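Derivation of every value follows stated rules applied to the coordinates shown; laboratory data play no part. No experiment lies behind these values; they were computed from the predicted model shown. Every residue, glycine as well, gets a Cβ built from its backbone with ideal geometry; the counts of neighbours run over all protein chains shown.
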Amino acid sequence: MVDNKRAEYPSFWRELPAAQQPIYPDTDALKAVLTDLRSRPPLVFGGEVDSLRKCMAEAGRGRSFVLMGGDCAESFYDSVESIRRKVQTILQMAAVLTYGASMPVVKIGRIAGQYAKPRSIDVETRDGVSLPVYRGDSINGYDFTSEARTPDPSRMLEAYLRAGTTLNIIRAFTTGGYADLRRVHSWNQGFTSNPAYMRFEDFADEIDRAMRFMEAAGVDFDTLRQVHLYASHEALQLEYEDSMVRNDFLSGQRYCASGHLLWIGERTRSPEHAHVSFLSSVVNPVAVKIGPATSPLEVSSLIERLNPAGDPGRLTFITRMGSNRIRDVLPRLIEAASVDGRPVTWIADPMHGNTIVSRGNYKTRRFDAIIDEVRGFFEVHKALGTIPGGIHIELTGNDVTEVLGGGAQIGEANLSERYETLVDPRLNHEQSLEMAFEVAEMLRN
Ligand code: PEP
Ligand code: MN
């Protein structure tokens, strides 16, 4: 039986179909890289991963709220300044959400490992020339040349090193006083003095009063100087992920040590295929993206495969339905999970179901559709008496013009101004904060 084999034999995924995997022309080079990676230290440790699993369980119970955010695809060339701004944006959003939810916010970056992308086409054609598509910096290069687009295994070593340096930057920023709540809040006040955001001014004033109250009441702000920002990415490239599996020296359990939380994308989530099998063999918290075509049966099979023991915090579904589908499609999927009874944490990704192509041929999204999908997510959970556990956002701390709308009213004509993403359009810094205020209001109501 498949299930017994799965439990006894962690490499069982190799016998199953695996979508979206690169084919390396030089298999000796691939083997050498994987051997090298297996000998390297883990990027994250079992204790941290276990803490995040507990946080995810709390979010599933409605005692905390998850904010997951970051680039669609990270680049090896991201500057330290760009990473700093992204971390700052996530912390700012988290401060606003904490106040709105009156609950702890679990902060998770799409960061330090988001280097491999699933693509809907295999070949890209420009001016009559066809080449393999870009699949993320850990697989091939972005430049439109045959050399760049050929999968190169040494990119996995570079991904490992870049992830390590990014984690180091995150650790420094989140423990070195930079994340002090008072400081984070003062950044948000800068945002609300922008006339486009006047409507959030009262909210920001309330947070300000709460901070003054805490200070007057003698809250020890030193304990608020440090935050945890966990790292997550899509576990797409199975050879890389498999080479990062370690038995933790304390708990002895099998972790995928490439990141704290790993997710399976909409295109690779078949319960009978390799990605689900691989992630069933490690103990990290796991998320699965589910789109509008997901069936209730798939929901129960994914629970059975990925969380047979029903451990709280182990399994999260990230719903990405589209603002016009979420209210119809989500209820029956939540009901399937409720009937199963094993705990699930629900998170809304309002980005990937709302991607459109502009007249100028830019892949974009409308800010209003993004907000509306989150609203639909909250409405459905409210109607069913279940828990909306968090949001998953593609964002950058930079001042890009990739998503339409928001307070600054980015229009189709503005998209070309600073369209910098490698794959999908991201909320810019101000749109991210505006989103945080919007969602904070939903959490209060
Ligand atoms: C993504 O998160 O960038 C992505 C490709 O999402 P999905 O698998 O939901 O399409
Ligand atoms: Mn994306």
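Observations, loosely collected:
- Each Lys and Arg contributes +1 and each Asp and Glu -1, all at the Cβ; summed about the Cα centre of the chain, the dipole is approximately 680 debye.
- Sorted on the mean count of surrounding Cβ atoms within 10 Å across their residues, most packed first, peptides 238-251, 97-110 read 97-110, 238-251.
- Added length on full extension, which subtracts the Cα-Cα distance from 0.36 nm per residue, Leu250 to Asp202: 12.5 nm
- For the pair Arg418 and Phe213, label points projected 7 Å from Cα toward Cβ lie 3.6 nm apart.
- Protection proxy ranking of 224-236, 119-131, 150-162, 304-316, by the mean of other Cβ atoms within 10 Å over each peptide's residues and highest first, is 224-236, 150-162, 304-316, 119-131.
- Size descriptor, Kirkwood hydrodynamic radius, that averages inverse alpha-carbon separations across the chain, Å: 22.3
- Cleavage-rule hits, trypsin sites (Lys or Arg not before Pro), region 368-445, DSSP coil, Cβ neighbours within 10 Å at most 12: none
- Cα-based values for region 394-442, radius of gyration first and Dmax second, are 10.7, 32 Å.
- The mean sequence distance of close C-alpha pairs (under 8 Å, at least 6 residues apart), as a share of the length of the chain, puts its relative contact order at 22 percent.
- Count of Lys pairs (Cα-Cα under 23 Å; at least 8 positions apart or interchain) in the chain: 13
- Full extension of the segment from Ser79 to Met103, taken as 0.36 nm per residue of separation minus the current Cα-Cα distance, would add 5.4 nm.
- Taking every full run of DSSP H in the chain, the ones that stretch at least 18 Å from end to end by Cα along their long axis and average -1.0 or higher on the Kyte-Doolittle scale are 46-60, 80-101, 154-175, 201-216, 326-340, 367-384, 429-444.
- Whole-angstrom Cα spans of region 173-262 along principal axes, big to small: 50, 35, 18
- Antiparallel %, DSSP beta bridges [both residues in region 1-154], to 5: 40
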